[in-house]
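K.L.:
Take a look at the following structure, please.
The values are calculated or read from the model by the stated rules, or taken from the named source; none is laboratory data. Computed from a prediction, not measured in an experiment: that's the story for all the values here. Glycine gets a Cβ as well: all are built from the backbone with ideal geometry, and neighbour counts include every protein chain shown. The protein model used for the area step is the full one, side chains on, heavy atoms only, and it has no ligands, DNA or RNA in it. Shrake-Rupley method; radii C 1.70, N 1.55, O 1.52, S 1.80 Å.
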Amino acid sequence: MNSKDIRKQFLAFFKSKEHHIVPSAPMVIKDDPTLLFTNAGMNQFKAQFLGIDQPKAPRVADTQKCLRVSGKHNDLEEVGKDTYHHTMFEMLGNWSFGDYFKEEAITWAWELLTEVFKIDKDRLYVSVFEGSTDADALEKDHEAYALWRNIVPEDRIIMGNKKDNFWEMGDQGPCGPCSEIHVDLRPDGERAKTPGASLVNADHPLVVELWNLVFMQYNRKANGSLEPLPAKHVDTGMGFERLCMVLQNVTSNYDTDVFTPLIREMETITNAVYGKKAETDIAIRVIVDHIRAVAFSIADGQLPSNTGAGYVIRRILRRAVRYGFTFLDTKEPFMFRLAQVLARTMGEAFPELKEQKQLIENVVKEEEQSFLKTLDQGLVLLDVMIANTKGKVVDGAKAFELYDTFGFPIDLTALILGEKGYTLDEAGFNTAMQAQKDRSKSASAVSKQDWVVLLDDKEQEFVGYDVLEARVNLVKYREVTSKKGGTQYQLVFNLTPFYPEGGGQIGDKGYLEASNGDVVYITDTKRENNEIVHYAKNLPKKPDASLNAVVDAKHRALTEANHTATHLLHQALREVLGGHVEQKGSSVQANYLRFDFSHFSKMTPAELQQVEDFVNARIHGRLPLEERRNVPMQEALASGAMALFGEKYGDTVRTIQFGKSVELCGGTHVKNTGDIWHFKIKSEGAVAAGIRRVEAITSDAAKTFFLESQEALDQVREVLGRAQDPVKAVAGLQEENAALKKQLAQLLKDKAKNLKSELMNHLEEVNGARFLARKLDLDAASIKDLCFEMGQGRQDLFLLFATEQNGKALLSCYISKKLVAAKALHAGTIVRELGKHIQGGGGGQPFFATAGGKRPEGIPEALERARTYLG
Ligand code: SER
């Protein structure tokens, strides 16, 4: 059975058990500060488990794209070394929200595996939570045990500890005991010798966990304690690639048709053969795994970068390039060539891979190119480091610098050092690494207290599309502390007019007013786990009384002007540049807007002008906002609204329309485009390969911009003597300036010539030398030229010239080379000594030297003393 059919069959099975099939949520998470990537199928249902959100259906199933490369679930370092861990993988899952529980979850899992997929029962083992004696004091899962006991013999049930059989999403959040299904793929002979039960959860490559059935019953609170959830849920997750391995009768995930097309392509690119040499195989596995993580992220809108999720992606990509560089001898970009294989093999289940193929290729190729350059530079720096090493151990702190500043991978450093007979001071490296981690951790650490709940009100309404002020009740609050923000409070109300940051638009600010006039300022509003959370420096004095919540109307209006302008800009770009333009990022602030989009060349001035004109025509056309709420997604798409890859949409959406174009948007907008006043592009540039960025302003910021430009121009006019045409006047000045410069250069030349002949007439004979000491009105460079010109053809010259410029003194001493030798003189020593008179110092060569000082009054003394050197 091929992987496409396996995926389909899983979903069809749960559909037959009345599950609602939902699409995968994006892999890159944009609205949860505690999680960068989806690391389990249940992430998108966290709010439903906690009882914050109503589930769409009581039973749900899907295949979810997951990435386990950071935080609690991190498999990155295992990938490639074994045959069954991945960074990006698909998790097949079925969920019950307060509907069925252990019995159905267990029975259906068994039915699907053994009756539909027909996996040999003798190869399956199950595990059950044994309970814990720690502070949580959890009971053994008797219920799951009894259910399994009806299905499998006792010796196939393994009791598991908390690490293996109590699933937690993170340090906080929903959790519960779990029951896993493991499969033993060893040949019969081996199975007869060693029972599989002893190999479960023992990192055996052929005895692997296939499916995890979690029985969500608790919420882990910030203080570490467990509280029962309002209802009991089921959350299951099965590794799709592992299931394919079992059903395709192979013993490595990489031998399934999920990976073999990628491996074949790698063989073509590198001429390597998979399956012959351990090192090559590891490198190929790393690469074909990592390209999936990178490609899916880019398709979700997350480009490699230097911070956050983007940095994780960049590191994954670099890890793959490095394996290729070291073990497959790839010195040119190659990973980008795998994108088309992915589009071909997975594009049906995940259309974004097809649609975004070109972008994925461009971004990956550019990243590869720049990292290969880093590797080249790093190799040079590493050579320097080795050359400066006394002994055979290379300083760990220096190696860390190479890693940290230049992105040069440490294992490559260690490998190269080994080849050259050196070793790395690993302890030193680890200390430097730890010190840096501590620094960044303390800078970004956020500690959150548990919520203090005042009202049992789960429904939270956003009323900010219609009003900017409302009476609200505080439902719950908590304290959050971070180095950056200090101590703040997060407040959740039963309803709110405050827009939470999202869809690129910043969150609202404003204040809360109590009936006695007390005011609490709201500094920001965000969405967290689907709740609208308001940030405040302090708490209302009477948190249980109702409050008047007031949005800063000016801030909101300016932001709305920029938001609507962003939509118009998007339309304009598609109109002017073409339909390939897609939004890749957007930031809508009160004072400006930023829009990133796919496009492959720099925009010309004419294109920028056309875009500005397009937007301004719609602003001046005073188009009214037409808004529709709760439109079924399908209907919105049918009306021409464009959904963005990597965005999460509900079953129903809000559409907004100015003129003809319909768009999906949850943000707030002006009521009429006339309110934007004017749109002005400030810059256009590249963000990454194939991604451009436009920054623009509207409304008050545009007014200020034009006023300031006008003021600057008026000042220029004024300075130019009220010139009618300042451009012409400046051009005239420039011309005049060039002519004057030319004249001046000629005059200086003439002056120097005259000066030279005049000075030559004043040379004095002192002990067989020709001597002159004088103060001149020339700059240092001209004096130097003069000295050398005077010295030409003479063997007996001793010159000391002084000059005073900007309150500083300068002495220059010239001595003919013959005289230097004959009298053992050194101009450098002489200026240093004479420099004392001008409170300065200097030096130079025996025949020419200069000294600068801050006491010009000492010049006469220095000139006076000069002749003494001639004896
Ligand atoms: N949440 C569980 C897991 O990730 C089951 O889906 O393993």
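K.L.:
Could you check, for the stretch 409-418, whether at least one of its residues is touching a Ser or Thr at 6+ places or on another chain (Cβ under 9 Å) and more than 20 Å from residue 322 (Cβ to Cβ)?
P.N.:
Among the residues of the stretch 409-418, not one is touching a Ser or Thr at 6+ places or on another chain (Cβ under 9 Å) and more than 20 Å from residue 322 (Cβ to Cβ), which makes the answer no.
K.L.:
Could you list, in sequence order, the residues of the stretch 1-59 that are within 30 Å of the chain's Cα centre (by Cα) and open to solvent by 70 Å² or more (accessible area, probe 1.4 Å)?
P.N.:
Scanning the stretch 1-59 gives 23, 30, 33, 34.
K.L.:
Hey, another quick one. Go through 155, 203 for me and flag whichever is over 14 Å from residue 125 (Cβ atoms), among the acidic types (Asp, Glu) and out of contact with any strand residue (DSSP E or B) (no Cβ under 7 Å at 6 or more places or on another chain).
P.N.:
Only one candidate qualifies: 203.
K.L.:
With the requirement that a residue be out of contact with any Asp or Glu (no Cβ under 8 Å at 6 or more places or on another chain) and either among the polar types (S, T, N, Q) or within 17 Å of residue 214 (Cβ to Cβ) (or both), what does the stretch 144-156 give you?
P.N.:
144, 145, 148, 150
Matching residues to (1) of a type in the set (Ser, Thr, Tyr); (2) surrounded by fewer than 20 Cβ atoms within 10 Å (Cβ to Cβ); (3) touching a residue at least 12 places away in the same chain (Cβ under 8 Å):
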| position | (1), (2), (3) |
| --- | --- |
| 115 | no, yes, no |
| 129 | no, no, yes |
| 139 | no, yes, no |
| 145 | yes, yes, yes |
| 155 | no, yes, yes |
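K.L.:
Give the stretch 356-368 a look and list any residue that's of a type in the set (Lys, Arg) and either within 13 Å of residue 342 (Cα to Cα) or open to solvent by less than 20 Å² (accessible area, probe 1.4 Å) (or both), or say none.
P.N.:
Listed by number, the list holds a single entry, 357.
K.L.:
If you take the residues of the stretch 655-685 that are at pLDDT 95 or above and charged (D, E, K, R), which of them is surrounded by the fewest Cβ atoms within 10 Å (Cβ to Cβ)?
P.N.:
Among them, the one singled out is 671.
K.L.:
Next question. Kindly indicate whether residue 751 is touching a Leu at 6+ places or on another chain (Cβ under 9 Å), open to solvent by 60 Å² or more (accessible area, probe 1.4 Å) and part of a helix (DSSP H, G or I).
P.N.:
Here the answer is yes, as residue 751 does meet what is asked.
K.L.:
On to the next question. Can you run down the residue pairs with Cβ atoms below 6 Å, 6 or more apart or on separate chains, where the first is in the stretch 206-230 and over 15 Å from residue 165 (Cβ atoms) and free of Cβ contacts under 8 Å to residues at least 24 places away in the same chain and the partner is open to solvent by less than 30 Å² (accessible area, probe 1.4 Å) and of a type outside the set (Asp, Glu)?
P.N.:
So the pair list comes out as 227/219.
K.L.:
If you take the residues of the stretch 213-227 that are part of a strand (DSSP E or B) and over 32 Å from the mean Cα position of the chain (by Cα), which of them is farthest from the ligand (Cβ to nearest atom)?
P.N.:
227
K.L.:
Tally up the residues in the stretch 176-190 that are under 23 Å from residue 249 (Cβ atoms) and either in contact (Cβ under 8 Å) with a residue 12 or more places away in the chain or within 13 Å of the ligand (Cβ to nearest atom) (or both), please.
P.N.:
Selection size over the stretch 176-190: 7.
K.L.:
Also: Of the numbered conditions (1) within 19 Å of residue 756 (Cα to Cα); (2) buried (at least 17 other Cβ atoms within 10 Å of the Cβ), residue 858 fails exactly one; give the number of that condition.
P.N.:
If we test residue 858 against (1) within 19 Å of residue 756 (Cα to Cα); (2) buried (at least 17 other Cβ atoms within 10 Å of the Cβ), just (1) comes out false.
K.L.:
Do we find a residue being away from the ligand (no atom under 16 Å from the Cβ), without any contact (Cβ under 8 Å) to a residue 40 or more places away in the chain and part of a loop (DSSP other than H, G, I, E, B) anywhere in the stretch 9-23?
P.N.:
Yes; the residues of the stretch 9-23 include at least one that is away from the ligand (no atom under 16 Å from the Cβ), without any contact (Cβ under 8 Å) to a residue 40 or more places away in the chain and part of a loop (DSSP other than H, G, I, E, B).
K.L.:
Could you name every one of the helices (runs of 4 or more DSSP H) located completely within the stretch 86-173 that has at least 2 residues being more than 16 Å from the ligand (Cβ to nearest atom)?
P.N.:
In the stretch 86-173, 102-111, 142-149 are the helices (runs of 4 or more DSSP H) which contain 2 or more residues that are more than 16 Å from the ligand (Cβ to nearest atom).
K.L.:
OK, next. Which of the numbered conditions does residue 58 fail, given that it passes all the others? Conditions: (1) more than 23 Å from residue 182 (Cα to Cα); (2) in contact with a helix residue (DSSP H, G or I) (Cβ under 9 Å, 6 or more places away or on another chain); (3) more than 16 Å from the ligand (Cβ to nearest atom).
P.N.:
Looking at each condition in turn, residue 58 falls short on (2).
K.L.:
If I filter the stretch 392-420 down to residues being open to solvent by less than 50 Å² (accessible area, probe 1.4 Å) and not in a helix (DSSP H, G or I), which single residue comes out as farthest from residue 307 (Cα to Cα)?
P.N.:
394
K.L.:
Report, by residue number, each residue of the stretch 595-651 that is among the hydrophobic types (A, V, I, L, M, F, W, C) and open to solvent by 80 Å² or more (accessible area, probe 1.4 Å).
P.N.:
600, 638 - these are the residues of the stretch 595-651 that are among the hydrophobic types (A, V, I, L, M, F, W, C) and open to solvent by 80 Å² or more (accessible area, probe 1.4 Å).
K.L.:
Further, regarding this structure: Is it the case, given these coordinates, that residue 43 is within 16 Å of the ligand (Cβ to nearest atom) and part of a loop (DSSP other than H, G, I, E, B)?
P.N.:
no
K.L.:
Would you pick out the residues in the stretch 502-525 that are open to solvent by 40 Å² or more (accessible area, probe 1.4 Å), touching a Gly at 6+ places or on another chain (Cβ under 9 Å) and at pLDDT below 95?
P.N.:
If the condition is that a residue be open to solvent by 40 Å² or more (accessible area, probe 1.4 Å), touching a Gly at 6+ places or on another chain (Cβ under 9 Å) and at pLDDT below 95, then 503 is the only one that fits.
K.L.:
Now, a different point. Would you mind finding the one in 237, 196 that is open to solvent by less than 30 Å² (accessible area, probe 1.4 Å) and within 16 Å of the ligand (Cβ to nearest atom)?
P.N.:
237
K.L.:
How many residues, within the stretch 444-474, are open to solvent by less than 80 Å² (accessible area, probe 1.4 Å), part of a loop (DSSP other than H, G, I, E, B) and either closer than 15 Å to residue 668 by Cβ or among the charged types (D, E, K, R) (or both)?
P.N.:
7
Rundown of residues vs (1) open to solvent by 10 Å² or more (accessible area, probe 1.4 Å); (2) modelled with pLDDT under 95; (3) in contact with an Asp or Glu (Cβ under 9 Å, 6 or more places away or on another chain); (4) within 30 Å of residue 501 (Cβ to Cβ), yes/no style:
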residue: 70; (1), (2), (3), (4): yes, yes, no, yes
residue: 74; (1), (2), (3), (4): yes, yes, no, yes
residue: 80; (1), (2), (3), (4): no, yes, yes, no
residue: 93; (1), (2), (3), (4): no, no, yes, yes
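K.L.:
Checking residue 267 against (1) open to solvent by less than 40 Å² (accessible area, probe 1.4 Å); (2) acidic (Asp, Glu); (3) within 16 Å of the ligand (Cβ to nearest atom), only one condition comes out false. Which one?
P.N.:
Of (1) open to solvent by less than 40 Å² (accessible area, probe 1.4 Å); (2) acidic (Asp, Glu); (3) within 16 Å of the ligand (Cβ to nearest atom), only one is false for residue 267: (3).
K.L.:
May I ask you to say which residue of 336, 327, 350, 371 is among the hydrophobic types (A, V, I, L, M, F, W, C), modelled with pLDDT of 95 or more and crowded, with 17+ Cβ neighbours inside 10 Å?
P.N.:
336
K.L.:
Conditions: (1) part of a loop (DSSP other than H, G, I, E, B); (2) touching a Pro at 6+ places or on another chain (Cβ under 6 Å). Residue 532 meets all but one. Number of the miss?
P.N.:
(1)
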